Amino acid sequence: MNADVVVLGMGPGGEHVATELAKAGLDVVGVEKELLGGECPYWACVPTKMMVRATDALAEGERINVLAGRSTIERNWDPVARRIREEATDNWDDTVAVERFKSAGGRFVRGDGRLDGPRGVIVGDEHIEVSKAIVVATGTRPRIPDIKGLDGVDYWTNRGAVQATSVPASLVIVGGGAVGCEFAQMFARFGARVTLLEGQAHILPSEETEACNLLHDVFAEDGVDVRAEQAAVACASGADGVTVTTDKGSTVAAERVLVATGRRADLAAVGTSTIGVDEKERWIPVDDHLRVQGAPGVWAIGDVAGGGFTHMAVHHARIVIADILGRPTPGTSDRAKPRVTFTDPEVGAVGLTERQARESGVDVRTGISKVSESARGWIHKVGNQGFIKLVEDRARGVLVGATSVGPVGGEVLSMLTLAIEAEVPCDDLRHMIYAYPTFHRAVEAALADLGN
Ligand SMILES: Cc1cc2nc3c(=O)[nH]c(=O)nc-3n(C[C@H](O)[C@H](O)[C@H](O)COP(=O)(O)OP(=O)(O)OC[C@H]3O[C@@H](n4cnc5c(N)ncnc54)[C@H](O)[C@@H]3O)c2cc1C
């Protein structure tokens, strides 16, 4: 078989590249071993945010007792599971997505693909000879830590958790990053007794310490037993579930274990050595146009190139589409890469944390304001925890990092992402007009605090 372009892996990144290049008239083959659409719509962003939507509704229902009378809440997981099965994933069936891709002009091959040098891809018995471009978009899979006995336990990763048809009575979550935190709060608010184990000093260890501390307090109110600096080292199943032992010698028993210790790319499975990329690398190394160094005609995008988020996969895809079509495009930069943990409150962040900025040699000035002390936060009352933290490069007078925690922390983050991306001087941000009483007015207060 011959093709102008082969896209290996059809998650959000690969699907976008393949569809747009096919629409542009190129002969594109999209290769996917599981479901066209990838992790995001079937097992990650979309179903988990449906769970978040449901748990937010529960939390707001309880807040009626403070704000608007009396509520009695009867939790039921069935509508959540049904919505994920019927609305989000079509019962984990990609027929519609495959038809959409074909009607855009693409050719679809279901199978486990492998690179065969910079001009070929092998899928089963088929060798595809590529004339113009190969785009590697094979994503990541859960990183499973070396925990004694885990192999013998029927544990969940994100996939098991989003396919849950009922809420376990108790759950141990191994890993307190964004995914672990989202699942911890969701299952706790649906009535599970949740223990969250994190080996590092804080949950959400890559975010600002203030965000970790705040989430820690909120989780305590939710009844989540957060155990920081406790890594799971052993696991055993018994009659009533699983017992997990930590490196501090404590044990936790639960009906179910959920492993959420990050993701890893499997470069050996993709055959990157045939394009000169060491299969032991964490990600495929790329330049700012996502071109694989030393392999002309090969691009890598999304999680396999270290993207980590759906918006990064799609951002990468746009650059690669332009590059392959010979259209000028600015390259990617990590300066204003946003990230949101969809807990309640949401933890949004962009650019560098204070520590990262200091470690990279920036002369830093920070400003912070509490959402609860803004007019809107005060009016909001219950559920108003949050803050804005700004990290300024003092010499240049521009922001290099920002964190927005609050009821709509991820939405408020948008203006901070713009400020960092466009390097808007903080003086200009101070003179901007902030609508009253919005949550984003807390940004104005944090800017005022920068001077102190
Ligand atoms: C629980 C959870 C929640 C998340 N929530 C969010 C969120 O709210 N917002 C956000 O931005 N991100 C979120 N993410 C991250 C997001 O899911 C990923 O960043 C995104 O899916 C990456 O897209 P991708 O196209 O790079 O890879 P993927 O979505 O992983 O797709 C890669 C595809 O390649 C296929 N493939 C792999 N190897 C081969 C092969 N050899 N041959 C053929 N096909 C192959 C796979 O089957 C897969 O379909 C979440 C992740 C998890 C786990």
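What is the sum of charges around LEU196, taking Lys and Arg as +1, Asp and Glu as -1, for the other residues whose C-beta is under 9 Å from the C-beta of LEU196? It would help to have the intermediate numbers written out before the result.
Numbers: positive: ARG227; negative: GLU198, ASP225.
So the surrounding residues net to -1.
Taking 24 Å as the cut-off for C-alpha to C-alpha distance, list the pairs among LYS33/LYS337; LYS148/LYS248; LYS248/LYS280 that go past it.
Working: LYS33/LYS337 29 Å; LYS148/LYS248 15 Å; LYS248/LYS280 31 Å.
In this structure, LYS33/LYS337; LYS248/LYS280 exceed 24 Å between Cα atoms.
Can you sort HIS289, HIS16 by how many other beta carbons sit within 10 Å, fewest first? Please list the in-between numbers first.
Numbers: HIS289 15, HIS16 23.
Starting with the residue having the fewest Cβ neighbours, the order is HIS289, HIS16.
For every other residue with a beta carbon closer than 12 angstrom to the beta carbon of LEU325, add +1 if it is Lys or Arg and -1 if Asp or Glu, then tell me the sum.
Numbers: positive: LYS23, LYS132, ARG318, ARG327; negative: ASP4, GLU20, ASP323.
Within the 12 Å Cβ shell, the charges total +1.
Fewest to most neighbouring Cβ within 10 Å: what's the order for TYR155, TYR436? Present the calculation step by step, with values, prior to reporting the outcome.
Details: TYR155 20, TYR436 10.
Least crowded to most crowded, the residues run TYR436, TYR155.
Evaluate the Debye formula for the chain with equal point scatterers sitting on the alpha carbons, no solvent, and hand back log10 of I(q)/I(0) at q = 0.11, 0.12, 0.13 Å⁻¹, in q order, two decimals.
These q points yield log10 I(q)/I(0) values of -0.98, -1.14, -1.28.
Be a star and scan the range 156-184 for residues whose amide nitrogen sits under 17 Å from the point 7 Å along the Cα-to-Cβ vector of TRP92.
Output list for this probe position: 156-167.
In straight Cα distance, which aspartates and glutamates are under 13 Å from LYS102, not counting same-chain residues fewer than 8 positions off?
Leaving aside aspartates and glutamates fewer than 8 places away in the same chain, those within reach of LYS102 are GLU15, GLU20, ASP27, ASP94.
Provide the gained length on full extension for the span LYS33 to SER206, in nm with one decimal, where the gain is 0.36 nm per separating residue minus the Cα-Cα distance.
Details: separation 173, 0.36 × 173 = 62.28 nm, distance 3.20 nm.
My answer for the length gained is 59.1 nm.
Regarding the range 137-290, what whole-number volume in Å³ per residue does the convex hull of its Cα atoms give? Spell out each step's value before the answer.
Values: hull volume 21.3 nm³, N = 154.
Taking only Cα atoms, the range 137-290 has a hull volume of 138 Å³ per residue.
For HIS289 paired with TYR436, estimate the spin-label separation in nm (one decimal), with each label point 7 Å from Cα along the Cα-to-Cβ line.
5.1 nm
So how far apart, in nm, are the two label points at ASN213 and GLU421 if each is 7 Å from Cα heading toward Cβ?
Using points 7 Å along Cα→Cβ, the separation is 3.2 nm.
Could you tell me the relative contact order of the range 11-128? Use alpha-carbon pairs under 8 Å, at least six residues apart, and round to a whole percent. Kindly include the intermediate steps, with their values, before the conclusion.
Values: 122 pairs, mean separation 43.0, N = 118.
Normalised by residue count, the contact order of the range 11-128 is 36 percent.
Most exposed first by the Cβ proxy, i.e. fewest other Cβ within 10 Å, how do LEU390, LEU447, LEU8 rank?
LEU447, LEU390, LEU8
Hey, can you grab everything whose amide H is under 5 Å from the amide H of GLY262? Only 5+ residues off in sequence or another chain; H modelled, so Pro and N-termini drop out.
Those lying under 5 Å, H to H, from GLY262 are ARG143.
Restricting to DSSP H runs of at least four residues, report the calculated mean residue ellipticity at 222 nm for the chain, -39500 (n - 2.57) per run over all residues, nearest 500 deg cm²/dmol. Show your work: numbers first, answer last.
Working: 15 runs with 146 residues, N = 452.
Computed ellipticity for the chain at 222 nm equals -9500 deg cm²/dmol.
If you find the alpha carbon centre of the range 348-400 and of the range 197-263, how far apart are they in angstrom?
Answer, in whole Å: 27.
Semi-axes, largest first, in whole Å: what does sqrt of 5 times each Cα gyration tensor eigenvalue give for the range 338-449? Numbers along the way, then the final one.
Working: eigenvalues 99, 47, 26 Å².
For the range 338-449, the ellipsoid semi-axes come out as 22, 15, 11 Å.
Quick one: which residues, 5+ away or cross-chain, put their amide H under 5 Å from the amide H of GLY139? H built at 1.01 Å from N.
Those lying under 5 Å, H to H, from GLY139 are ASP303, VAL304.
I need to check one value: relative contact order of the range 150-261, counting alpha carbon pairs closer than 8 Å and at least 6 residues apart, in percent. Write out the running numbers ahead of the final one.
Details: 228 pairs, mean separation 40.3, N = 112.
Over the range 150-261, the number comes to 36 percent.
In nm, to one decimal, how far is the modelled label at GLN356 from the one at SER273, with both set 7 Å along Cα→Cβ?
The modelled label-to-label distance comes out at 3.3 nm.
Any chance you could run the full-extension gain for ARG159 through ARG85? It's 0.36 nm times the residue separation minus the Cα-Cα distance, nm to one decimal. Provide the component values of the computation, followed by the final result.
Working: separation 74, 0.36 × 74 = 26.64 nm, distance 1.25 nm.
Between ARG159 and ARG85, full extension yields an extra 25.4 nm.
Bear in mind these aren't lab numbers, they're just calculated from the coordinates by the rules spelled out. Here the structure is a predicted model, which is why all the values come from computation and not from measurement. Methodologically, a virtual Cβ is constructed for each residue, glycine included, from the backbone with ideal geometry; neighbour enumeration extends over all protein chains shown.
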